[in-house]
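Okay, so here's the structure we're looking at.
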Amino acid sequence: MKAAAVPAVFLSTTPERAIREAEQSARGWREGRPPGLLDGVPIAWKDLFYMAGKVTTAGSAVLAARQAARTDAPLVSAGARTGMVCIGETGLSEFAFSGLGLNPYFGTAINPRVDNGRRAPGGSSSGAAVAVATGIVPVAVGTDTGGSIRVPSAFNGLAGFRASVARYSREGMVGLSATLDTYRPLATSVADCVAFDVVIRGVDVVLPEDATMPGARFIVDPGLLTSLCHGAGRCEFQALHREAGRHGRHC
């Protein structure tokens, strides 16, 4: 598996499960009854989710010798029911407690956007982000308590989706905060994140469309732009002005 060739991205892989699920997917397509929009799509899970037959370490040596899980976490089971192909569990900061994605025990994944590999991958869902950024999987599931999906997504040029705390089941995983933990996908586009969300929740797929406002003009109070006259704020304003011009809109 390509996953094994990228250091510290995966803490464990599931080749037997992947082959079994891929064969089920192929059979469903041949018979004209694929179970869902993402049937056959490879997926990876942050090593906080219980997976049958695998030890969930949460990126810590303390939990490396614990017993393997007997059943999948509900979210992992939902992914399997939709036909997605699980290829393994991704690395993370120990106990998901770092925004840089560093892990001294299992190793730290290399940020693929930097040639010398000397930039942090972002965390704590570091392995999930790098797995998507390197093309191993088109979507990976991470967790976000204080930025653990958003930070690695930004560091690796991805789309990361963090929504409400109660959107998915919180059972069957190693948590960090009972009130702040959320579980979401990392992907290469917002559309892919939306597709994962609606498929996992079993709702009708309605992908967002680009907003169109032909001939729209905007009037902006100059006083609102006072803080954008210097430094980084000025650069931001200039970038927004260029983008508006590219779409034929004027302020």
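The values are calculated or read from the model by the stated rules, or taken from the named source; none is laboratory data. This is a predicted model, so every value here is computed, not measured. Glycine also receives a Cβ, built like all others from the backbone with ideal geometry; neighbour counts cover every protein chain displayed.
Residue-by-condition table, conditions (1) at pLDDT below 90; (2) touching an Asp or Glu at 6+ places or on another chain (Cβ under 9 Å); (3) farther than 30 Å from GLY59 by Cβ; (4) not assigned by the TED database to the domain that holds ALA44:
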| site | (1), (2), (3), (4) |
| --- | --- |
| ARG162 | yes, yes, no, no |
| ARG167 | yes, yes, no, no |
| MET173 | no, yes, no, no |
| ASP197 | no, no, no, no |
| ASP210 | yes, no, yes, yes |
| LEU224 | yes, no, yes, yes |
| LEU228 | yes, yes, yes, yes |
| GLN238 | yes, no, yes, yes |
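Candidates in the range 33-48 are the residues that are at pLDDT 95 or above and crowded, with 23+ Cβ neighbours inside 10 Å; of these, the one that is nearest to PHE196 (Cα to Cα) is ILE43.
Inspect the range 60-73 for any residue being under 18 Å from the mean Cα position of the chain (by Cα) and in the same structural domain as GLY135 (by the TED database) and give the result as yes or no.
Pass one, the range 60-73, residues under 18 Å from the mean Cα position of the chain (by Cα): 73.
Those left that are additionally in the same structural domain as GLY135 (by the TED database): 73.
Yes, the conditions are met somewhere in the range 60-73.
Taking the range 158-183 only, how many residues are closer than 22 Å to ALA69 by Cβ, in a loop (DSSP other than H, G, I, E, B) and not acidic (Asp, Glu)? Adding up the residues that qualify gives 9.
Would you check if there is a residue in the range 20-30 being in the same structural domain as VAL132 (by the TED database), free of Cβ contacts under 8 Å to residues at least 12 places away in the same chain and part of a loop (DSSP other than H, G, I, E, B)?
Taking the range 20-30 and keeping what is in the same structural domain as VAL132 (by the TED database), we get 20-30.
Within this subset, residues satisfying the condition of being free of Cβ contacts under 8 Å to residues at least 12 places away in the same chain are 20, 23, 27, 29-30.
Next cut, part of a loop (DSSP other than H, G, I, E, B) only: none.
No: the range 20-30 contains no residue that is in the same structural domain as VAL132 (by the TED database), free of Cβ contacts under 8 Å to residues at least 12 places away in the same chain and part of a loop (DSSP other than H, G, I, E, B).
Figure legend. Inter-residue proximity from the range 88-104: first residues in the same structural domain as VAL174 (by the TED database) and within 13 Å of VAL130 (Cα to Cα), second residues of a type in the set (Asp, Glu) and outside any strand (DSSP E or B), beta-carbon distance below 8 Å, spacing 6+ or different chains. Indicated pairs: GLU89/ASP47; THR90/ASP47; GLY91/ASP47; LEU92/ASP47. Against the definition (under 22 Å from ALA187 (Cβ atoms), touching a residue at least 12 places away in the same chain (Cβ under 8 Å) and not hydroxyl-bearing (Ser, Thr, Tyr)), how does GLY107 come out, yes or no? No, not satisfied.
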